[in-house]
Amino acid sequence: MSDSDTIAEAEKAKLLGNEKMKEADYIAAAEQFSKATELDSTNHVFYSNRSAAFLLQGMHVEALADAEKCIELNPSWGKGYARKGEVLEAMQEFTKAQEAYRKAKELGHASSEPNIKALKPTAFLDRANWYLHLLRQLMVLSFIVYVVPSPENLNPLGYRICLVSAFVLNLSELCLQYGRPSLTAEYWRHLILNYRTHYMISALIFLLHDPFFFGLVPLVLNEIGFIAHYTDLSLRETHPDRLERYDYVVDNYIGPLLTSYNGYTWMAMDRTAKWTAYNQRVLDACASFEVATVFVLIINLFTRHRNIIVTVFYCQFMRIRYIQSPYVKMVFNRIHTRVKGTLGPIPVVGQGYEWFANKLYNWAKVH
């Protein structure tokens, strides 16, 4: 294959990756961008695009590496620095993110991303993070009040407080990230794609339901991950002498849950890689509970605990989650693979399941 043919194939892979990004199939998009980098490792745009695909999967270490590779290949391209800023912001490294955004601005890049959070003054961010941290703690405490046996009125109260806290927290995160509401299509596109919007909708849906354990777990589990990471960042800045004890707890209680990541054992990872691996496991667990909730709600339709309105709303909500979240899609695919492997060899039943799965897929996908 000539050089021109190789470059053409790389561009074709990039275009396919862009299409997958529009469909919110970030895993397939990353695969196409990887193919493009293999065919042409000198094109900075390929690394920038793959960085975006990795970021949307929560793969912060890989996203940052690609953003830095993009900058290395073309230091005068402002978007590379903007991409690096987005990754650092997602990692809550706001000071470093600000530096990257300033460099992007110096190079004349007008980012289409409304990166409001990282451009706020540091003092404001400190207060905002403290406020968000309190909301997360309130969520966890109210969840404990809900699940621990207590006087009859306290359990439903804990459930409601947890959902209201989740709604306010996710709304606050969106306001902090995107600033004032805008009527532009770009603003609403970012808003719809943001998982914070999804969790805000989920909190509203389950406010219509009687106390329901599965409705709370993904919301709370996600915020526990943020509490752990926030604690790590705070200790590094204010009490570095306590980091050793904190690391001992993390390595002995979280590490065993994450035996390896990208071929590395937990103890062989640096701090950033550990939190990226932890974040991905949390997102996968949240997605598993979200999918389980669908089945529990459907089963509940045949009991006195049924809530038809919530079930319909949540199924529509999970249709959006299937389209937008690679983790939800992976969980559904794992279930499909196992069920197909079990029922496939059975005559008629296997064919019936395949027909049902295709119908379900056609209903869920974007038209």
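The values are calculated or read from the model by the stated rules, or taken from the named source; none is laboratory data. Please read all numbers here as calculations on a predicted model, not as lab measurements. With ideal geometry, Cβ positions are generated from the backbone for all residues, glycine too; neighbour counts draw on all protein chains shown. Please note that ligands, DNA and RNA were not included when accessible areas were found on the heavy atoms of the full protein model with its side chains. Shrake-Rupley method; radii C 1.70, N 1.55, O 1.52, S 1.80 Å.
General remarks:
- Partners of residue 20 within straight-line reach, counting aspartates and glutamates whose Cα lies under 17 Å from its Cα and excluding those fewer than 8 residues away in the same chain: 9, 11, 31.
- Considering helices alone, the calculated mean residue ellipticity of the chain at 222 nm is -25000 deg cm²/dmol, with DSSP H runs of length four and up weighted by -39500 (n - 2.57) and normalised per residue.
- Surface composition of the stretch 312-366: carbon and sulfur make up 68 percent of the accessible area, probe 1.4 Å.
- Using a probe of 1.4 Å on the protein chains alone, the accessible area found for residue 313 is around 100 Å².
- Calculated FRET efficiency for the pair residue 11/residue 182, C-beta based, R₀ 41 Å, to 0.05: 0.80
- Within a straight-line Cα-Cα reach of under 13 Å, residue 105 can be paired with the following aspartates and glutamates, leaving aside sequence neighbours fewer than 8 residues apart in one chain: 113.
- Remark: the chain projects, on average over all directions, an area of 23.0 nm² (convex hull of Cα atoms).
- Ordered from highest to lowest accessible area with the whole protein assembly present and a 1.4 Å probe, 157, 169, 233 read as 157, 233, 169.
- Pair residue 210, residue 172: separation of 7 Å Cα→Cβ label points (nm): 3.2
- What the phi angles of the stretch 99-105 give under the Karplus curve with 6.51, -1.76 and 1.60, with θ = phi - 60°, is a coupling list of 4, 5, 5, 4, 5, 4, 5 Hz, glycine and proline written as x.
- Largest GNM mean-square fluctuation among 209, 198, 336, using the chain with Cα springs under 10 Å: 336.
- When the chain is treated as a Gaussian network with alpha carbon springs shorter than 10 Å, the biggest mean-square fluctuation among 301, 107, 16 belongs to 301.
- Figure note: 5, 40 ranked by solvent-accessible area, largest first, 1.4 Å probe, ligands and nucleic acids not counted: 5, 40.
- In the assembled protein chains, residue 308 presents an accessible area of approximately 110 Å² (probe radius 1.4 Å).
- Label-to-label distance, nm, for residues given as residue 160 and residue 312 (7 Å Cα→Cβ offset): 2.5
- Accessible area in square angstrom per residue, the chain, 1.4 angstrom probe: 54
- Heavy atoms of residue 188 accessible to a 1.4 Å probe, total area in Å² rounded to 10: 120
- Computed lengthening from residue 76 to residue 134, 0.36 nm per intervening residue step minus Cα-Cα distance: 16.8 nm
- Amide N proximity, the stretch 11-51 versus residue 320 label position 7 Å along Cα-to-Cβ, cut-off under 16 Å: 24
- Accessible surface of the stretch 126-212, 1.4 Å probe, proportion on carbon and sulfur as whole %: 71
- Within the accessible area of the stretch 25-66 (1.4 Å probe), percent carbon and sulfur: 53
- If the segment from residue 242 to residue 191 were pulled out straight at 0.36 nm per residue, it would be longer than the present Cα-Cα gap by 14.6 nm.
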